[in-house]
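Notes for the one structure printed next.
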Amino acid sequence: MKREYHRWHSPRLGMELGVVVYGHWGPPLLGFPTSAGDEMELEGQSMVGALADFIDAGRVKFFTINSINGLSFYNKGAHPFHRSYVQSVFDSYLREEVVPFIWDSCQSPGIGISTMGASFGAYHAANSLFKHPDVIKRCFAMSGVYDVKNFMDGMYDDNFYFNNPVDYLSNMNDPWFYEQIASCDIHITTGTGQWENSGPTYRLSEILSSKGICHSLDNWGPQGGHDWPYWKHQMREYISKLF
């Protein structure tokens, strides 16, 4: 498998961050780590290995990044408004730096990007699509949480509101958003397997339905647990059927 590691200084975040690229060609799939992970986690947890045959066959070109959770919502040593600020800047980094990098790597400016993530990575996978439905056209959000108020110690500001999907989606009335989201393929997954909490997934689905946003709530039953073997199986099934 072709593997490239890229790293650059983000002027927005004021730090260097890495992106790992797996494969020669194929539609781009952007993977987010779980809460404490970085751009190497999906490889370390064998998600890349689980998808290797699809990557080698050009079914997908896989990109993994660091979502700097430890500097944003998981940074308990920082003021809550700093946490939400860092998340807002990370979202800008994603759109203005990572997306153009993916387009350049694929030699296809404007190509639709898919996202995937599990646990807290599912938050990023879904939030990225909801924030940028013109460029993120598909997401696989597995075993996620979509209301992150518990990371804000009871405080609230605009940066948080616009990165808390259950809030901004509930009040969405932008015609541009609805025009773009209509062309997106949204998968939010849960199940009855070990350690899984289905509540957040069903709540997000209810909000999406109430706003007329088409999506798939995929309940995997016993194959929908909160651990890597479940997530790897789900992603193999999705890619085999949808790419």
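General remarks:
- The stretch 114-243, relative contact order in percent, only Cα pairs under 8 angstrom and at least six apart counted: 24 percent
- Non-local lysine pairs in the chain, meaning eight or more places apart or on different chains, with alpha-carbon distances under 29 Å, amount to 22.
- Footprinting exposure proxy for LEU242, LEU204, LEU169, LEU217 (fewest neighbouring C-beta atoms within 10 Å first): LEU242, LEU217, LEU169, LEU204
- Across the chain, C-alpha contacts under 8 Å between residues 6 or more apart give a mean separation that, scaled by the residue count, equals a relative contact order of 17 percent.
- Unit charges at the beta carbon, dipole of the stretch 3-242: most positive-side option, SER84, PHE101, SER209: SER209
- Order of GLU179, GLU97, GLU196 under a 10 Å beta carbon neighbour criterion, fewest first: GLU179, GLU97, GLU196
- Remark on the stretch 3-242: hydrodynamic radius 17.9 angstrom, per the Kirkwood mean of 1/r across alpha carbon pairs.
- Pairwise label distance in nanometres, ASN171 with GLU16, each label 7 Å out on the Cα-Cβ vector: 4.1 nm
- Residue-count net charge about GLY121 - beta-carbon cut-off 12 Å; Lys, Arg +1, Asp, Glu -1: -3
- Residues in the stretch 99-112 carry Karplus couplings, in order, of 4, x, 4, 5, 4, 5, 4, 7, 6, 9, x, x, 4, x Hz; the curve used is 6.51 cos²θ - 1.76 cosθ + 1.60 with θ = phi - 60°, and Gly or Pro positions show x.
- Residue with peak Gaussian network fluctuation, the chain [Cα springs, cutoff 10 Å], from MET116, MET47, MET172: MET172
- Build a GNM of the chain with springs between Cα atoms under 10 Å apart, and of GLY121, GLY58, GLY212 the one that fluctuates most is GLY212.
- Under a Gaussian network description of the chain, with springs only between Cα atoms under 10 Å, the residue in TRP231, TRP25, TRP195 that fluctuates furthest is TRP195.
Any read-out appearing in this document is the output of simple, stated calculations on the displayed coordinates, not a laboratory observation. Since we're looking at a predicted model, the values are computed, not measured. Ideal geometry is used to build each Cβ from the backbone, glycine not excepted, and the neighbour counts take in all protein chains shown.
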